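Worksheet for the structure shown next.
The values are calculated or read from the model by the stated rules, or taken from the named source; none is laboratory data. Just so we're clear, the structure is a prediction, and the values are computed from it rather than from any experiment. Neighbour counts run over all protein chains shown; Cβ positions are idealised from the backbone, glycine included. Remember, those area values only see protein heavy atoms, side chains included, never the ligands or the DNA or RNA. Shrake-Rupley method; radii C 1.70, N 1.55, O 1.52, S 1.80 Å.
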Amino acid sequence: LKAETAVARARLKDKKSLKLLERFIRVSNPVYRRKAARAMSFLNDYRPLEYLLQAIKKETDYNVKKIMAESFGRIAANLDKQEFKKAEKSVYPAYKKLPDSLNHNILPALGRLEGSKFYKILTRAVRKGNERQKFAALTGLGRQCAKAGIEILKYSYREGSAPVRTRAIESLGHLKGPGTLEFLRQALKDRDKPVRGAASAAVLKIIRDDRG
């Protein structure tokens, strides 16, 4: 009953539920661990990241670890800048502790970290990763305001499937660089409708930003 209460309170974004969730994420019953991990993702708070990191390190049930990875990634990617700053030290360790089949969940948050090491991880995932890893890495690269980031996004657009090309175009809309706007205008002629829609939104965003 306490576990269900904690989950219900988390869904209402009651941060007081975190203490109970932290307890249930450590119990022997995997059902409770899974529910606690999923419920933490409802809280817009940096504190669950440390609890999830510690749980990820110890978890032996792959399905439970999967939920933990998804929750960690969702929280870390969506925290505001001030909250993320308090928890950024847990992001890379979480990425390292997860198997290749799950660490794509952390890639968008890696894009919020400063340093060439993280940029290299993201670009490697774009070039050599599977579809899921590419998609997640492109989201992370959209946060990297660098010319090199723009070039790898253009590469992804040229080489990727429709979902990957769409995400590359969406990410380009967050960056500014020589030729970016013209590149996006060319993407308005893409053969796939979702890509054209993303290109249209990205062009409008850059134009609005330029106008202040």
Within the stretch 175-212, track down each residue that is in a loop (DSSP other than H, G, I, E, B) and buried (at least 18 other Cβ atoms within 10 Å of the Cβ).
L175, D190
Cβ-Cβ distance below 7 Å, separation of 6 or more or different chains: which pairs start in the stretch 11-28 with a residue that is more than 14 Å from M68 (Cα to Cα) and end on one that is open to solvent by 100 Å² or more (accessible area, probe 1.4 Å) and in a helix (DSSP H, G or I)?
L20/K2
If you scan the stretch 81-98, which residues turn out to be without any contact (Cβ under 8 Å) to a residue 12 or more places away in the chain and not polar (S, T, N, Q)?
K81, K85, K89, K96
